[in-house]
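Report on the following structure.
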Amino acid sequence: MKLRRVVAQNLRRLRRKGGLTQEELADRAGLNRNYIGMIEREENSPTVDALEQISKALGVDPVVLFQDR
C-alpha cells in the first residue's frame, strides 16, 4: 500500500476516533481545514512539520500515522 494512503487512512481513523471534525483538528494543529481534507483524500502529501503538528493535536506518536493496519 502506498504510504500516502496509509497516512490518509490513519489520519481519518484517529480523527474520527477522537470525535474531531476536520475543522477541529485543523484548529488544534494550527493548519487549514482544507489541507486536512486534502491529506485524507490523498490529494496532498503532508510535510514532516505538518505531520508533527497533526500527531500532537491527536495526542499520538507520529509513528502511528505510518503504521499499515
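The values are calculated or read from the model by the stated rules, or taken from the named source; none is laboratory data. Here the structure is a predicted model, which means the values were calculated and not measured. Here the Cβ positions follow ideal geometry from the backbone for every residue, glycine too, while neighbour counts run over all protein chains shown. Calculation scope for accessible area: heavy atoms of the full protein, side chains included, ligands and nucleic acids excluded. Shrake-Rupley method; radii C 1.70, N 1.55, O 1.52, S 1.80 Å.
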- Report the local net charge at residue 33: Lys and Arg +1, Asp and Glu -1, summed over other residues whose C-beta lies under 12 Å from its C-beta. -2
- Percent accessible area from carbon and sulfur atoms, region 14-67, protein chains only, probe 1.4 Å: 47
- Item | Phi-based couplings in Hz for region 52-69 (Karplus 6.51, -1.76, 1.60; Gly and Pro marked x) | 5, 5, 5, 5, 5, 5, 8, x, 10, 6, x, 4, 4, 5, 9, 7, 7, 9
- If the convex hull of the alpha-carbon atoms of the chain is projected onto planes in all directions, what is the mean projected area in square nanometres? 3.9
- In sequence order, what are the phi-derived ³J(HN,Hα) couplings for region 41-49 according to the Karplus relation 6.51 cos²θ - 1.76 cosθ + 1.60 with θ = phi - 60°, rounded to whole Hz, with x for glycine and proline? 8, 6, 8, 8, 9, x, 6, 4, 4
